[in-house]
Amino acid sequence: MQLRDAAEVLGVHYQTAYAWVRQGVLPARKTGRGYDVSESDVSALAARRASGTAPLPNIRVRDWAVQADRLYAAVMSGDETLARYLFTRLARGVPLTGLCERVIAPALNRVGQDWAAGEVTIAGEHRASAICERLIAARTQQPQGRPRGVAVVTTPPGERHGLPALMATACLREDRWLVHHLAADLPVSEVTDLVKETAASLVVLSAATTEAVQQAAEEVDQITQASARLRVLAGRPGDSLGQLRQLARASLARSADG
């Protein structure tokens, strides 16, 4: 099958299919007429795209610290165009969860350290966080096909740092969860009402401060009363998105056993 015919089968422009060949997403053989691809490879890619699991091209990053430093410099100067360019270039071959943990989190940790040391204003810190929020939000989408489960993600009342909850949302959606992201500072009653409305099996409370961690711990019991099968995870500063993914999957197994 020629690449142009494959593009029609996949429902994309020829240039998109050609880019997939260049990136290694779609195997192809160069011929005098252009590129030939196998029908089985095209069918497999179409199935992966339909399920939302199409693979990313393999991009090898030599030094993640350098990438985080570059993003830090961009967001601290307020250069959102540069920040978006850096992020988009990496996102072509790196899962969003990986970018959150290896690039955005280290960059923002450095911003927070600068703020604590009095080297950056509150406005500067908020600007940097807002840029990162937009970078993540532009690339986090609900999964296609049948979701792994239904989750509600928010923060405890009084916790106004919403970026960790957005990262948690990105992580779960990338793992094919249907996520209702409620941003920050929501009353417990509102969370439990939405849990009942959506039949969610998982609630994630993201906390970025010591006070919020304590508040989240107090709310776990209140929220679990909404459903016997409901699992509530209270995130703390330093918890990884990989841990969240594992605990979320484990919650499904526990619900099935219960």
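The values are calculated or read from the model by the stated rules, or taken from the named source; none is laboratory data. These numbers come from a predicted model, not from an experiment. A quick note on method: Cβ atoms are made from the backbone with ideal geometry, for glycine too, and the neighbour counts reach across all protein chains shown. Note: areas computed on protein heavy atoms with side chains; ligands, DNA, RNA excluded. Shrake-Rupley method; radii C 1.70, N 1.55, O 1.52, S 1.80 Å.
Let me know the charge dipole size of region 174-245 about its Cα centre in debye, to the nearest 20, where only the beta-carbon of Lys, Arg (+1) and Asp, Glu (-1) is charged.
Using Cβ point charges on Lys, Arg, Asp and Glu, region 174-245 gives about 340 debye.
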| task | Please say if region 139-231 is rounded, prolate or oblate, where rounded means a/c under 1.5 for a ≥ b ≥ c the square roots of the C-alpha gyration tensor eigenvalues, and otherwise the choice is prolate for a/b larger than b/c and oblate otherwise? | result | oblate
| field | Residue-wise HN-Hα coupling along region 178-187, computed from phi with Karplus coefficients 6.51, -1.76, 1.60 (Hz; x: Gly, Pro) | value | 7, 10, 9, 8, 9, 6, 10, 6, 10, x
| field | Gyration tensor verdict on region 47-139 (Cα atoms; rounded if a/c is under 1.5, prolate if a/b is larger than b/c, oblate otherwise) | value | prolate
| HN-Hα J couplings of region 224-230 from phi, Karplus 6.51/-1.76/1.60, θ = phi - 60°, integer Hz, Gly and Pro as x? | 5, 5, 6, 7, 5, 9, 7
| said: Compute the helix-to-body angle for 163-174: its Cα long axis versus the longest principal axis of the chain, expressed 0 to 90° and rounded to tens. | reply: 40 degrees
| Unit charges at the beta carbon, dipole of the chain: most positive-side option, N109, V153, A65 | A65
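Per residue, how many Å² of accessible area does the chain show with a 1.4 Å probe? Mind showing how you got there, number by number?
Working: 13940 Å² over 258 residues.
Heavy-atom accessible area per residue stands at 54 Å².
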| message | Need one number: % antiparallel among DSSP beta bridges in the chain, to the nearest 5. | response | 25 percent
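Computing the accessible area with a 1.4 Å probe over protein heavy atoms, can you report the carbon and sulfur percentage for region 103-258?
For region 103-258, the apolar C and S fraction of the accessible surface comes to 48 percent.
Could you calculate the FRET efficiency of V61 with V220 from 1/(1 + (r/R0)^6), where r is the beta carbon distance between them and R0 is 41 Å, rounded to 0.05?
For V61 and V220, the calculated efficiency is 0.65.
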| Pulled fully out, how much extra length does the chain show between Q142 and I122, if you take 0.36 nm times their separation in residues and subtract their Cα-Cα distance? | 4.0 nm
| request: Kindly report, to the nearest 10 Å², the accessible surface of Y35 as traced by a 1.4 Å probe over protein heavy atoms only. | output: 50 Å²
| query | Comparing V179, V12, V188, which has the greatest mean-square fluctuation in the GNM of the chain with Cα pairs linked when under 10 Å apart? | reply | V12
| query | Taking the alpha-carbon centroid of each part, what is the distance from region 195-236 to region 73-94 in angstrom? | reply | 33 Å
| message | Of A128, Q141, A47, which is farthest towards the positive pole of the chain's charge dipole, taken about the Cα centre with +1 and -1 on the beta-carbons of Lys, Arg and Asp, Glu respectively? | response | A47
| Once you sort the root eigenvalues of the Cα gyration tensor of the chain as a ≥ b ≥ c, which label holds: rounded (a/c under 1.5), prolate (a/b larger than b/c) or oblate (the other case)? | oblate
| At a Förster distance of 30 Å, what's the computed FRET efficiency of R48 paired with E80, Cβ-Cβ distance as r, to 0.05? | 0.40
| remark: Counting sequence-distant residues (5 or more places) and residues on other chains, those with an amide H built under 5 Å from that of H180 are A151, V152, V153
| Between 0 and 90°, nearest 10: helix 80-91 axis offset from the chain longest Cα axis | 60 degrees
| query | With each label point set 7 Å from Cα along the Cα-Cβ vector, what nm distance links T210 and R33? | reply | 7.1 nm
| How large is the charge dipole for region 1-146, taken about the Cα centre, if only the Cβ atoms of Lys, Arg (+1) and Asp, Glu (-1) carry charge, to the nearest 20 debye? | 480 debye
